[in-house]
Amino acid sequence: MDTDFKDIVAAAQAILRSVGAEVASPWFYLQFGLILAGAGVAFATNAAIRSRVDMDKLAARWPLPVMRHFMRVLVTSAATAVFAILMIISRIIMWHATWPSRSYLLVVSAKLALAWLAIRLVTSVIQNAFIVTTVSLAAWLVAALSIIGQLDWAADTLDSVAIEIGGLRLSPLLLIKAGVLLLLALWSTNIASNFAESRINRASDLTPSVQVLLIKIIRIGLMTVAAVIALGAVGINLSALAVFSGAVGVGIGIGLQKIVANFISGIILLADKSVKPGDLVTIGDNSGRISAMKTRYISVAAGDGREFLIPNEDLVTQKVTNWTYTDKNTLVKIAFATNYDADPRLVCKLAIGTAAAAPRAIKGKPPNCILTEFAETGMKFSLTFWIADPDGMDNVKSDVMLALWDAFKHEGIRVPYPVREIRVRGGALPVESVVEVSS
């Protein structure tokens, strides 16, 4: 350990001596001035290009979407490109005017600018801004160390500090490599799973629940394979990670019970097909159509702009009303009453005819109306009829009840309402005098 530390100190001292000798040379200040001038010209050129170039017109000239995308990136990175060109031109001029070693900073600046431009083009396909920034800075740092010839020294320094856990040697260099490979593997996995999802969603012979189940299995499988390949590529023996399995199991058992329960419940729901995307369900006080089934929850669109996110575990452990489980045909029930002056047979006939005339009523299943009770205020009836889809059931009930009201008005049938009589015994009610006081 002491030997490694001494080597690091010696290497750092050598770098400082080299930098000091470079700074003491007058050619350093000439190159530094050229770099500053090139940066100023690059930023001014970038401002002029952005003010005069119409991005939409420029992109319309390129037929392929990929080419249009890269042209946008090049225009937005015009300052970097102009700076790299100016540094290359300055390097060529100084190469012919003096010794090549006196233009070292110009070469480094040009290479750093070209590396940043290349990294910017590559990372532009990533959608997440945070990931783009992190990957770009990390890749540019590696490129910068490689350009100045210090990449091996930096790698040895990061690898010299390590700890051993259960036969596994962990160093900063190993963790960085594992993190980079995991990011690349997961990014590739995401692209592959999105492609598979698009193909599965186009398969008309698969039910929606089977489609979601296959997509989840493919995503989990690809992520697992990607993690195994990435860890194996950096030399991590997966058997050495067995020491962590107990801690992970305890963590899942204590802190992640609900998450695991929801995940397993989601798999059960997809496997038994009790609910699927597009079903109309009622869960507790929440009703709506299932719009999506996720790993942890399902999304139920209420139809009024709200979406209920219901944990998968609730669908397994609680009562769920699925209006479209095996059959979308729905029985609509309407309860109403009339006074005793009406003919109950005529009332039932009018109700059946009104329901049969509804546009959404199923013609093959005739409506039915029965007298259910002789109440204090009048006779109570129950009208039932079938519709082909439960969507908009309340609207159908409203239309039928309005039509029934019109039919009753036409036949002189009255709907009862409570009437109260107040009888006063012992004379008139006392009247209290009210005195107004003016201010």
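Computed from the coordinates by the stated procedures, all read-outs in this text should not be read as laboratory data. Keep in mind the model is a prediction, meaning the values are calculated, not measured. Neighbour counts run over all protein chains shown; Cβ positions are idealised from the backbone, glycine included.
Just a few scattered comments:
- Gap separating the Cα centres of the stretch 341-367 and the stretch 168-206, nearest whole Å: 60 Å
- Residue-by-residue Karplus 3J(HN,Hα) for the stretch 87-92, coefficients 6.51, -1.76, 1.60, Hz, glycine and proline x: 5, 5, 5, 4, 4, 5
- FRET efficiency estimate (nearest 0.05) - Cβ-Cβ, THR282 to ALA138, R0 45 angstrom: 0.35
- Relative to the current alpha-carbon distance between SER274 and LYS409, full extension at 0.36 nm per residue lengthens the span by 44.0 nm.
- Each of PHE70 and ASN190 was given a label point 7 Å from its Cα along the Cα-to-Cβ line. The distance between the two points is 2.2 nm.
- For LEU170, residues with placed amide H under 5 Å, excluding near neighbours: ILE163, GLU164, ILE165
- ³J(HN,Hα) computed for each position of the stretch 321-333 - Karplus, 6.51 cos²θ - 1.76 cosθ + 1.60, integer Hz, glycine/proline x: 9, 9, 6, 10, 5, 10, 8, 7, 4, 10, 8, 9, 10
- Cβ crowding within 10 Å ranks LEU222, LEU315, LEU371 as LEU371, LEU222, LEU315, fewest other Cβ atoms first.
- Calculated FRET efficiency, PHE130 to PHE32, Cβ-Cβ distance, R0 = 30 Å: about 0.35 to the nearest 0.05.
- At R0 = 30 Å, FRET efficiency that the Cβ-Cβ distance of ARG52 and LEU145 yields, to 0.05: 0.20
- Links that overshoot a 27 Å alpha carbon limit, given the list LYS319/LYS363; LYS273/LYS319; LYS319/LYS365; LYS365/LYS397; LYS319/LYS349: LYS319/LYS363; LYS319/LYS365; LYS319/LYS349
- In order along the stretch 285-297, the Karplus-derived 3J(HN,Hα) couplings, from 6.51 cos²θ - 1.76 cosθ + 1.60 at θ = phi - 60°, round to 9, 9, 10, x, 9, 5, 9, 7, 10, 9, 5, 9, 8 Hz, and Gly and Pro are given as x.
- Spin-label model distance (nm) - THR295 vs ASP156, 7 Å beyond Cα toward Cβ: 4.2 nm
- For TYR297, the amide hydrogen comes within under 5 Å of the amide hydrogens of ASN312, counting only partners 5 or more places away or on other chains and with H modelled in the peptide plane.
- With neighbours defined as other Cβ atoms within 10 Å of a residue's Cβ, the residues MET87, MET379 order from fewest to most as MET379, MET87.
- Stretchable slack from MET401 to MET223, in nm (0.36 nm times residue separation minus alpha-carbon distance): 58.5 nm
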